[in-house]
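Derivation of every value follows stated rules applied to the coordinates shown; laboratory data play no part. This structure is a prediction, so every number in the text was calculated from the model and none was measured. Counting neighbours? That spans all protein chains shown, and the Cβs are built from the backbone with ideal geometry, glycine included.
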Amino acid sequence: MNKSVVFLSHVLSENSPCYGGKKGFIQTVLSSISNGDSYNFEKWELANHVGTHMDTPFHFIEDGIKLDQIEAIDLLFYSVSFIETDLSRGEIVRPDHLEGRISEDNDMVLIKSGFEKYRNDAIYWQNNPGISPEVADFLKHSFPKIKIIGFDFISLTSYSNRALGRESHKAFLGGNNPIMIIEDMHLENLNHAPREVIVAPIRVTNSDAAPVTVFAYL
């Protein structure tokens, strides 16, 4: 098996957790060869913020860039900062979690918190860590090449501190140099910074977010 390319995104299923404990994905079989039909065919019903997914500026900024306005070149990342830091329930990531661990050439930040181990439990959405607006300010001021941040917990917003989370989303997604967000990533088996990362969202018109498949070249 070739391990030089790996997925950093979870497989989408009806068990995929969704922020707030909502049901985010329904998979319905419309025809099945095993039932005597001539082909297999399904219908999917999904929230656009379920599973590993990307928030665009339009998620919180009315005139922000929408999903179908993102250029392909802006979904390729060649200089990734990989930060491992254990986060407890409801803990908020501050700039000091990142200081000294990012270089000026980085265009992507990945945070591996270890919280992914709770993904099959209610704690994953009820007590998830979050990220403060100060981190957005820190990255934009000190590392202007950063275009996206991703992490292995369900949302930038800690469910126990939603007001702060709304401000944080606005801080990341607003302004002249927005930083997009990938939530609920699969980083469990990643132990060092990837050489390259490709983010492939479902492309939908006039939308604020979409599930993504994330590939990493190690």
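Brief remarks follow.
- Among Asn128, Asn161, Asn120, the largest mean-square fluctuation in a Gaussian network model of the chain (Cα springs under 10 Å) belongs to Asn120.
- Relative contact order for the chain: 30 percent, from Cα pairs under 8 Å spaced at least 6 residues apart, divided by residue count.
- Estimated [θ] at 222 nm from DSSP helical runs (n ≥ 4, -39500 (n - 2.57)) normalised by residues in the chain, nearest 500: -3500 deg cm²/dmol
- Fluctuation leader among Ile73, Ile111, Ile179 - the chain, Gaussian network, Cα springs under 10 angstrom: Ile73
- Here the Karplus relation 6.51 cos²θ - 1.76 cosθ + 1.60, evaluated at θ = phi - 60°, turns the backbone of region 37-53 into coupling constants of 7, 7, 7, 8, 7, 10, 10, 10, 10, 9, 6, 7, 10, 10, x, 5, 8 Hz, with x for every Gly and Pro.
- For His10, His53, order by how many other beta-carbon atoms lie within 10 Å, fewest first: His10, His53
- Based on C-alpha pairs under 8 angstrom that are at least 6 apart in sequence, region 123-174 has a relative contact order of 52 percent.
- Potential lengthening of the chain between Ile33 and Ser88 amounts to 15.1 nm, from the contour at 0.36 nm per residue minus the alpha-carbon distance.
- Count of lysine pairs in the chain with Cα separation under 21 Å (8 or more residues apart, or interchain): 15
- 10 Å Cβ shell holding at most 16 others, DSSP loop, GluC sites (Glu not before Pro): longest site-free stretch of the chain: 105-187
- Shape summary: the chain maps onto an equivalent ellipsoid whose semi-axes, from the alpha-carbon gyration tensor, are 28, 19, 19 Å in decreasing order.
- Measuring nothing but how far apart in sequence close Cα pairs (under 8 Å, 6+ apart) lie, relative to its length, region 85-196 scores a relative contact order of 30 percent.
- Sorted ascending by nearby beta carbons within 10 Å, beginning with the fewest, Arg119, Arg203, Arg89 become Arg203, Arg89, Arg119.
- Share of pairwise Cα-Cα distances greater than 23 Å in region 1-105 is 58 percent (whole percent).
- Point-charge dipole on Cβ atoms (K/R +1, D/E -1) for region 4-66, about Cα centre, debye to 20: 120 debye
- Rounded to the nearest 20 debye, dipole of region 75-218 from Cβ charges on Lys, Arg, Asp, Glu: 300 debye
- Between region 1-35 and region 130-145, the C-alpha centres lie 32 angstrom from each other.
- Longest segment of the chain lacking chymotrypsin sites (Phe, Trp or Tyr not before Pro) that sit in a DSSP loop with at most 14 other Cβ atoms within 10 Å: 79-218
- The fewest-to-most ranking of Ile26, Ile149 by surrounding Cβ atoms within 10 Å reads Ile26, Ile149.
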